[in-house]
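This report concerns only the one structure given below.
The values are calculated or read from the model by the stated rules, or taken from the named source; none is laboratory data. Since we're looking at a predicted model, the values are computed, not measured. Methodologically, a virtual Cβ is constructed for each residue, glycine included, from the backbone with ideal geometry; neighbour enumeration extends over all protein chains shown.
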Amino acid sequence: MHEDALLPIGKVVRTHGTKGYLKVFSYAESPAFFAPGKKLTLTRQGKPVQSFEIESSSPQKRYILLALKGITSIEAAEKWVGCQVCTDKTSLPEPEEGSYYWYQIIGLEVSTVDGRHLGRVTAIFPTGSNDVYVVRKDKKELLIPAIESVVVDVDLKQRTLRVDLPEGLEQ
């Protein structure tokens, strides 16, 4: 599997118990990414190392305890500590119309409806009501609410995002 097809959804932070369980810090919003029967790929330094099927999983706050088929001892589990846990992007369900995965938005070039270049989306963080895009250009940072009245157009093919900034958010 090509590394561009993989989406990091967590990181193995340590082992758990003696039967080969992995404690994973989850980047995913939903524990459904770690459902039994799903396939995951463990990567080291961005390179795929090995794929596994999930035998069982148990959410614990921001962590997931994973049992992966083929890892049955603490010794076998220890070699995976520090690895990224990835899923195949093609296994993700299609987002609803007008919705996007964060990995699709991060990296887009942002401009206003009147053509001013604002920078590139470098991060996203959730708030109670909506996500916020962190847009950077040089040393300037702009926080843009990801709401329909502000985000006018997302073009994944052109890798662009057009916004109509509300008053007070102008650069």
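Counting just the residues of the stretch 132-171 that are touching a helix residue (DSSP H, G or I) at 6+ places or on another chain (Cβ under 8 Å) and in a strand (DSSP E or B), which one comes out farthest from Glu97 (Cα to Cα)? The extreme case among them is Tyr133. Note on the stretch 60-72: among residues that are β-branched (Val, Ile, Thr) and more than 17 Å from the chain's Cα centre (by Cα), the one that is surrounded by the fewest Cβ atoms within 10 Å (Cβ to Cβ) is Thr72. Search the stretch 100-140 for residues being basic (Lys, Arg) and in contact with a strand residue (DSSP E or B) (Cβ under 6 Å, 6 or more places away or on another chain), and hand back the single one that is surrounded by the most Cβ atoms within 10 Å (Cβ to Cβ). So the residue we want is Arg120. All conditions in (1) under 30 Å from Arg44 (Cβ atoms); (2) of a type in the set (A, V, I, L, M, F, W, C); (3) not assigned by TED's automatic domain parsing to the domain that holds Ser51 hold for Cys86, with the sole exception of (3).
For the stretch 1-59, filtered to residues that are in contact with a Pro (Cβ under 7 Å, 6 or more places away or on another chain) and small (Gly, Ala, Ser), the residue that is surrounded by the most Cβ atoms within 10 Å (Cβ to Cβ) is Ser57.
Mind checking whether some residue in the stretch 70-86 is of a type in the set (Asp, Glu) and at positive phi? Within the stretch 70-86, not a single residue is of a type in the set (Asp, Glu) and at positive phi. Kindly indicate whether any position in the stretch 86-99 is part of a strand (DSSP E or B) and touching a strand residue (DSSP E or B) at 6+ places or on another chain (Cβ under 6 Å). For the stretch 86-99, residues part of a strand (DSSP E or B) and touching a strand residue (DSSP E or B) at 6+ places or on another chain (Cβ under 6 Å): present. Can you confirm whether the stretch 4-12 contains a residue that is over 29 Å from Asp155 (Cα atoms) and at pLDDT 95 or above? Yes, the conditions are met somewhere in the stretch 4-12. Residues that are in contact with a Gly (Cβ under 9 Å, 6 or more places away or on another chain) and among the basic types (Lys, Arg) within the stretch 123-161 comprise Arg136, Lys137, Lys140, Arg159, listed in sequence order.
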